[in-house]
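The values are calculated or read from the model by the stated rules, or taken from the named source; none is laboratory data. All values reported here derive from a predicted model rather than from experimental measurement. As a convention, Cβ positions derive from the backbone with ideal geometry for all residues, glycine included, and neighbour counts pool all protein chains shown. All accessible areas refer to the heavy atoms of the entire protein, side chains included, with ligands and DNA or RNA removed. Shrake-Rupley method; radii C 1.70, N 1.55, O 1.52, S 1.80 Å.
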Amino acid sequence: MSSTAADTHADLAARAAAVIPGGVNSGQRQVAGLEDLVIAATSGSTFTDGTGRVYTDYHAAFGPPLLGHNDADVDAAVAATGRTVDLMGIGVSQVEVEVAEKLVHHVPSLEKVLLTSTGSEATFHALRVSRAATGRRHVVKFQGCYHGWHDSVAMNVISPAERVGQKDPLSQGILPEVLDATIVCRFNDADQVEQALGQYDVAAIILELIPHNIGAVLPQPGFLERLRELATKHGTVLVFDEVITGFRHGLGGYQAIAGVTPDLTTLGKAMANGWPVSALGGKAELMDMFSTTPGRPAFFAGTFNGHPATTAAALATIEKLEREPVHEHVFRLGERARTELQALYDRMGVPAVVAGFGSVFVSYFLEGPVVSYDDLLQNDVDLFTGYRRELMKDGIFELPLNLKRSHFSYAHTDDDVDRLLEATEGAVKRHLETRA
């Protein structure tokens with residue numbers, strides 16, 4: 001690293017702190033020990049920091065670049081569309097129609113679909129239209145599931161033990177009556193949901209099919225099916241938040257794998273390989289309640305909704321997923337990593353549960369099984385974050401934040417898995433030695 005590069009890196013971090021609160025544009029980007037991290041470049045399965053150090057990237061911006069950073073086909077589609085048509089804020093463009101047609105074709109629950117910019121917007125509108133359709137007040141979410149920044153769901157994600165079973169908002173400034181209208185249930189506990197449906201006027205049940213915001217807690221057999229039955233019985237809208245699982249786990253989302261169809265689905269992240277596009281879709285009778293149809297009661301708007309250039313990123317991503325063995329590749333790497341990491345920890349005598357699905361993997365340091373968030377309270381947080389900091393010394397980046405998952409992309413290789421396994425063993429050993 002040259003002195004110039006180091007000076008530039010330090011200067012950028014200081015300049016950021018001076019004009020951006022905390023120096024970053026999202027709270028989850030401010031991680032202890034990484035306050036001065038500056039991202040200089042990305043490419044394929046790697047990123048380069050401001051000092052010139054290159055890392056193999058498993059964080060992957062919380063999951064969007066399924067194809068890898070700077071995918072040439074996706075970026076070319078964005079550039080080509082940007083040269084042809086810009087944002088107009090009136091009417092519709094061809095690429096918006098083509099993306100909507102692709103989504104309706106691939107995702108089982110989608111009869112009609114609307115585009116927006118972020119997953120938080122999509123889940124916000126899902127709950128709004130659910131309340132409009134049912135005339136009810138309450139929503140059910142699950143401990144450990146994250147559905148964005150808006151008030152109805154910004155609560156009970158990675159809660160401390162003393163807050164589990166209580167309202168645990170992520171932020172101050174939320175009206176108490178909004179918090180009161182959200183019921184928090186235990187993931188994989190359908191009986192608790194049934195009790196809530198009997199006690200409250202529930203407009204919607206919203207959940208991540210796999211709560212990836214706490215790593216990878218898989219739904220137990222029958223859980224999703226039971227939620228579908230309960231929602232139908234009680235006239236409640238069932239919302240599957242597939243912002244993470246959607247295109248990362250398959251073109252049809254995890255719902256196609258599980259064989260359970262919700263009333264509404266939210267999509268995002270890997271849908272456009274990192275470009276800011278999300279979607280909300282589902283039953284036509286619900287989607288037609290939005291004000292995009294004149295006179296309908298659920299207001300829906302957004303200046304950047306369906307932006308032609310970023311929507312082109314979604315179309316190019318979906319088309320690449322259709323024609324190339326992307327999911328086959330990332331699923332194989334994910335399965336290999338999970339299997340061999342578990343064998344590694346067993347050989348080292350380190351209590352661990354390596355969880356995940358498809359391209360996602362995470363090592364919990366606890367005794368299994370893991371069925372709900374309650375089980376994750378036993379995770380060895382110091383080891384979880386500590387070995388990941390050690391990994392950075394070997395040029396490997398897994399976000400050193402408790403319970404956060406890691407991802408493979410189409411750009412990762414078996415050589416990357418080899419390096420990951422070797423580096424993980426060394427990183428865990430080094431961290432454990434510091435505690436001895």
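Residue by residue through region 249-291, note down the ones that are surrounded by 22 or more Cβ atoms within 10 Å (Cβ to Cβ), in a helix (DSSP H, G or I) and small (Gly, Ala, Ser).
Answer for region 249-291, where residues must be surrounded by 22 or more Cβ atoms within 10 Å (Cβ to Cβ), in a helix (DSSP H, G or I) and small (Gly, Ala, Ser): 253, 270, 272.
Does region 24-35 hold any residues that are open to solvent by less than 90 Å² (accessible area, probe 1.4 Å) and within 24 Å of residue 390 (Cα to Cα), and which are they?
Within region 24-35, 24, 27, 28, 30, 31, 32, 33, 34 qualify.
Give just the number: which of (1) in contact with a Pro (Cβ under 7 Å, 6 or more places away or on another chain); (2) without any contact (Cβ under 8 Å) to a residue 60 or more places away in the chain; (3) open to solvent by 50 Å² or more (accessible area, probe 1.4 Å) does residue 85 not satisfy?
(2)
Regarding residue 137, is this residue of a type in the set (D, E, K, R), surrounded by fewer than 18 Cβ atoms within 10 Å (Cβ to Cβ) and free of Cβ contacts under 8 Å to residues at least 12 places away in the same chain?
no
Count, please, the residues in region 339-393 that happen to be surrounded by fewer than 20 Cβ atoms within 10 Å (Cβ to Cβ), touching a helix residue (DSSP H, G or I) at 6+ places or on another chain (Cβ under 6 Å) and without any contact (Cβ under 8 Å) to a residue 24 or more places away in the chain.
Going through region 339-393 one residue at a time, the tally reaches 1.
Taking region 181-212, which residues are among the acidic types (Asp, Glu), surrounded by fewer than 21 Cβ atoms within 10 Å (Cβ to Cβ) and touching a residue at least 12 places away in the same chain (Cβ under 8 Å)?
189, 194, 201
Is there any pair with a first residue in region 249-271 that is aromatic (Phe, Trp, Tyr) and a second that is open to solvent by less than 10 Å² (accessible area, probe 1.4 Å) and part of a helix (DSSP H, G or I) whose Cβ atoms are under 7 Å apart and which are 6 or more apart or on different chains, and what are they?
Final answer for the pair search is 254/245.
Looking only at residues in region 52-73 that are hydrophobic (A, V, I, L, M, F, W, C) and surrounded by fewer than 24 Cβ atoms within 10 Å (Cβ to Cβ), which one is nearest to the chain's Cα centre (by Cα)?
Residue satisfying both the conditions and the ranking: 62.
Where the second residue is hydroxyl-bearing (Ser, Thr, Tyr) and the first is closer than 20 Å to residue 88 by Cβ and lies in region 287-307, which pairs have Cβ atoms under 6 Å and are six or more apart or on separate chains?
That search, which allows pairs on different chains as well, returns 300/291; 300/292; 302/116; 304/117; 305/116.
Go over the candidates 150, 125 one by one and state the one that is buried (at least 20 other Cβ atoms within 10 Å of the Cβ) and within 22 Å of the chain's Cα centre (by Cα).
125
Restricting to region 23-56, name every residue that is assigned to a helix (DSSP H, G or I) and either polar (S, T, N, Q) or at pLDDT 90 or above (or both).
Selection gives 28 alone.
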